[in-house]
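First the structure, in the form of structure tokens, and then the observations on it.
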Amino acid sequence: MERAVLNSLSKFIFIQLWIEVAIYLVTVLSMDGGGVKGIIPGVILAFIEAELQKLDGEEVRLADYFDVVAGTSTGGLITAIITAPNSNNRPLYAAKDIVPFYLQHSPNVFPNENRMLGSVVHFFSTVTGPKYSRHYFRSLVKKLLGDTKISQTLSSIVIPTFDMRLLRPIIFSTSEAKRDASKDALLSDVCISTCVAPTYFPSHYFKTKDSEGKVLKRFNLVDGGVAANNPTLLAMTSITNDLLDNNEDLAPIRAKDYRKYIIISLGTGNAKNEEKYKSSLVSKWGVLGWLYYGGNVPLIDAFCQASADMVDIHASTLFRALHLEENYLRIVTDDLVGNTTSVDISTKKNMQKLIKIGQDILKKTMCRVNLETGISEEIEGACTNEEALIHFVKILPNERPARLAKYTF
């Protein structure tokens, strides 16, 4: 009896020590906002998951490898569908299904008949109310995610929104939802909220309730891009808060030990330099000009792009200062032109172009943001994005056995 107890204790101590040695990395996947341009990271995610399947089998999914998955707007939608559990407690969507999902539903979320209206009618309909109805997207997400709550996702997720009633960002995360019932909202409500960009869709109102139906908190939310179009730093902040709160899932990482962070950050693409809005036009704009030009909303384009770039600059500087450039991989293109720069042009032709852009990005040389210009530039002598991702992919399976042991012992 004593020997059996000692053997069990020895086994427990051995496994705990092995886990503490093995789990030395916190893996983060982050995806920007960008409407229909979510097709671009969708292509890249399919490549990552396919490479993981070569190593660990066809049944594995992205949620098996990332401690934290963060997404804003369209990135929040992707975050939800790859981390929400199905009836078998496996991810709702495989990465290879993301692009077909966009191809099927984007034309109904962003119906192009709006663009067939006369320019004057189209202008007034845009500046006097939301450009699109919320009904199709709302019903799609509600049906897709059902009664799943934030606390039930298979990876810890981070999704930003912005509360117009309070004029402050509201960040939803799995870890916080487990601590605070008032933030444990339906995943569908959070997903809808992070996607409803001002002027494109109406804001989303919902409540969280306790088990007895008592209202805990009310929310009136719009697109997470208002708060953080690139949610990479929010993911890092969420991890830091978890560590400060002694989250056992992340032991033995220390709160400021960024050497243990492995981050893949995916953008949805930016307009080619001087492509979208010329200074000769911008200088003449008043309020209406900033709210409508060529079917787009320049003000929203500006703050979303600024938000994404500032986060990239901060993260790049942080990891460069720590001599850990290889721990942070940002993949984004600054070469979009024409309709591919828009968040809501969902024609078959444009979506096929976005697929091709995603495929081409994989073959391009790795880039790093120029801290003076804010533009991503190729790193001299660097490998391609595809090769860099393969390098990352080879690291991820080494962490998976330790996580499985921690949750199944």
- Report whether or not residue 359 is open to solvent by 20 Å² or more (accessible area, probe 1.4 Å) and in contact (Cβ under 8 Å) with a residue 24 or more places away in the chain. yes
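Only one residue in 67, 32 is out of contact with any Phe, Trp or Tyr (no Cβ under 6 Å at 6 or more places or on another chain), under 17 Å from residue 263 (Cβ atoms), buried (at least 22 other Cβ atoms within 10 Å of the Cβ) and modelled with pLDDT under 95. Which one? Walk me through it before giving the result.
Values: 32 fails: modelled with pLDDT under 95.
Going through 67, 32 in turn, just one is out of contact with any Phe, Trp or Tyr (no Cβ under 6 Å at 6 or more places or on another chain), under 17 Å from residue 263 (Cβ atoms), buried (at least 22 other Cβ atoms within 10 Å of the Cβ) and modelled with pLDDT under 95: 67.
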- Query: Among the candidates 106, 119, which residue alone is more than 29 Å from residue 175 (Cβ to Cβ), of a type in the set (Ser, Thr, Tyr) and at pLDDT below 95?
  - Reply: 119
- Message: For the range 175-219: of the residues being among the polar types (S, T, N, Q) and crowded, with 16+ Cβ neighbours inside 10 Å, which is nearest to residue 92 (Cα to Cα)?
- Response: 188
- Message: I'd like to check something: does the range 70-88 contain any residue that is at pLDDT 95 or above, assigned to a loop (DSSP other than H, G, I, E, B), buried (at least 24 other Cβ atoms within 10 Å of the Cβ) and in contact with a strand residue (DSSP E or B) (Cβ under 6 Å, 6 or more places away or on another chain)?
- Response: yes
- Message: Step by step: first the residues of the range 220-230, then only those that are farther than 12 Å from residue 190 by Cα and among the polar types (S, T, N, Q), then the one that is least open to solvent (accessible area, probe 1.4 Å). Which residue is that?
- Response: 230
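Before we move on, is residue 352 under 14 Å from residue 40 (Cβ atoms) and exposed (fewer than 13 other Cβ atoms within 10 Å of the Cβ)? Even if it seems obvious, please write down each step before you answer.
Details: under 14 Å from residue 40 (Cβ atoms): yes; exposed (fewer than 13 other Cβ atoms within 10 Å of the Cβ): yes.
So residue 352 fits the description; yes.
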- residue 253: passes all of (1) surrounded by fewer than 18 Cβ atoms within 10 Å (Cβ to Cβ); (2) modelled with pLDDT under 85; (3) of a type in the set (A, V, I, L, M, F, W, C) but (1)
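The values are calculated or read from the model by the stated rules, or taken from the named source; none is laboratory data. Bear in mind that the values here come from a model prediction, so they are computed numbers and not experimental data. Note: ideal-geometry Cβ built from the backbone for every residue, glycine included; neighbour counts use all protein chains shown. In case anyone asks, the SASA skips ligands and DNA or RNA and just uses the protein heavy atoms, side chains included. Shrake-Rupley method; radii C 1.70, N 1.55, O 1.52, S 1.80 Å.
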